[in-house]
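Q: My questions will all concern the structure given below.
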């Protein structure tokens, strides 16, 4: 269980970190992009009023924040054309990712077994998430999280509300976990660590799985493993239940059963009435996300079951979720070989 820090202790630790940062500022030229910014002043006033931060310390911190045009360029770039499944799958289901995943599983077998026991989430699913997200910690992002979130909060109006909230969450978690806010790195959107949690997800779902009093998803695979399992459990993962079912379809009404978006709108029985069948035994009342992929050997029809929907809560993409699931099967099969 995560140790709850005494607020006064956390504030003292925050102050020590800020003193260190101020010392760094005296030795190096401050970035200064946000010095004197009315937006930053308003944000600092809010954090002081609502969360008890010291305004002088926060102002000094933001004086060192760098506005990153490359981040604004990346997030503003039109989305690339979505790859078909036959091209998307080979990106993630590779020999290198399978082999590295089996090694990761072997290195952290105890933590994965404990996470599966405590949260009911299979070890292979946890490993696959970390494998897809960061190649088992090999690519966790090189942007300072504070730079990324500040840039997107103060200079990206289309999603400013979301990123300002994530900036608040990041400052709170830095205080709670007693870390220097400028020391943490992540993706250009502020996703962090081996599982690429946004700060809000960190504060809601991350756990101190090794019991050392701190949650470290950047360099501690045990905490990352427990945090992924915690996330899945809190989003409704049911132990022992299937994830997807391959379907066969016939009739003119079959495509009318395809789900628009990812939220289930039909159940198995309703799909059966539209011409969907499966060799798996499924109750008629099970809600499903029904989708079709352009596979290497032609069209594939799938019924995503409630556990599949949980994976989509991690990343809102049916192809992402299927890649995680199929990678998890490959990992399990490889690890089970004598």
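Each value in this text was obtained by applying a stated rule to the coordinates, not by laboratory testing. Note that the coordinates shown come from a computational prediction; the quantities given were computed from them, not determined experimentally. Cβ placement follows ideal geometry from the backbone for every residue including glycine, while neighbour counts extend to all protein chains displayed.
Q: For the chain, take the longest principal axis of its alpha carbons; what is the angle in degrees between that and the long axis of helix 123-134, to the nearest 10 within 0 to 90?
A: So the helix axis and the longest Cα principal axis differ by about 60 degrees.
Q: Let me know the Kirkwood hydrodynamic radius for the stretch 65-127, please, with Cα pairs as the basis and the value in Å to one decimal.
A: One over the average 1/r among Cα pairs gives 15.2 Å for the stretch 65-127.
Q: Using 10 Å bins from zero, what percent of all Cα-Cα pairs in the stretch 38-82 falls into each bin?
A: Taking every Cα pair in the stretch 38-82, the percentages come to 24, 33, 24, 16, 4.
Q: Distance between Cα centroids, the stretch 234-285 to the stretch 43-61: provide it in whole Å.
A: 50
Q: Moving to a separate point now. On a full-extension model of 0.36 nm per residue, what is the gain between residue 300 and residue 273, subtracting their alpha-carbon distance, rounded to one decimal in nm?
A: 7.8 nm
Q: What is the calculated FRET efficiency for residue 250 to residue 281, with r their C-beta to C-beta distance and R₀ = 30 Å, to the nearest 0.05?
A: 0.95
Q: Which residues in the stretch 78-103 place their backbone N less than 14 Å from a point set 7 Å from the Cα of residue 326 along the Cα-to-Cβ direction?
A: Those under the cut-off are 83-95, 98.
Q: Which whole-number percent is the relative contact order of the stretch 173-289 (Cα, under 8 Å, 6+ apart)?
A: 16
Q: Further, regarding this structure: With n ≥ 4 as the cut-off for DSSP H runs, can you work out [θ] at 222 nm for the chain, using -39500 (n - 2.57) per run divided by the number of residues, rounded to the nearest 500?
A: -16500 deg cm²/dmol
Q: With 37 Å as the cut-off, how large is the P(r) tail for the chain, expressed as percent of Cα-Cα pairs?
A: For the chain, the share of Cα pairs beyond 37 Å comes to 27 percent.
Q: Report, to the nearest 10°, how far helix 38-51 tilts away from the longest principal axis of the Cα atoms in the chain, using its own Cα long axis and a range of 0 to 90°.
A: The angle comes out near 80 degrees.
Q: Right, here's the next one. Would you mind classifying the stretch 136-229 by shape? Square roots of the alpha carbon gyration tensor eigenvalues, ordered a ≥ b ≥ c; an a/c under 1.5 is rounded, otherwise it is prolate if a/b is larger than b/c and oblate if not.
A: Cα axes put the stretch 136-229 in the prolate bin.
Q: How much of the calculated P(r) for the stretch 198-338 lies past 23 Å, in percent of all Cα pairs?
A: Here the long-distance tail beyond 23 Å is 44 percent of all Cα pairs in the stretch 198-338.
Q: Limiting things to C-alpha atoms, what are the Rg and the maximum Cα-Cα separation (Dmax) for the stretch 27-183, in angstroms?
A: 20.0, 54
Q: Provide the packing ranking of 284-295, 118-129, i.e. peptides ordered by the mean count of other C-beta atoms within 10 Å per residue, highest first.
A: Ranking the peptides 284-295, 118-129 by packing returns 118-129, 284-295.
Q: A further question on this structure: Expressed as an acute angle from 0 to 90° and rounded to the nearest 10, what is the orientation of the C-alpha long axis of helix 7-27 relative to the principal long axis of the chain?
A: Relative to the chain, helix 7-27 is tipped by roughly 70 degrees.
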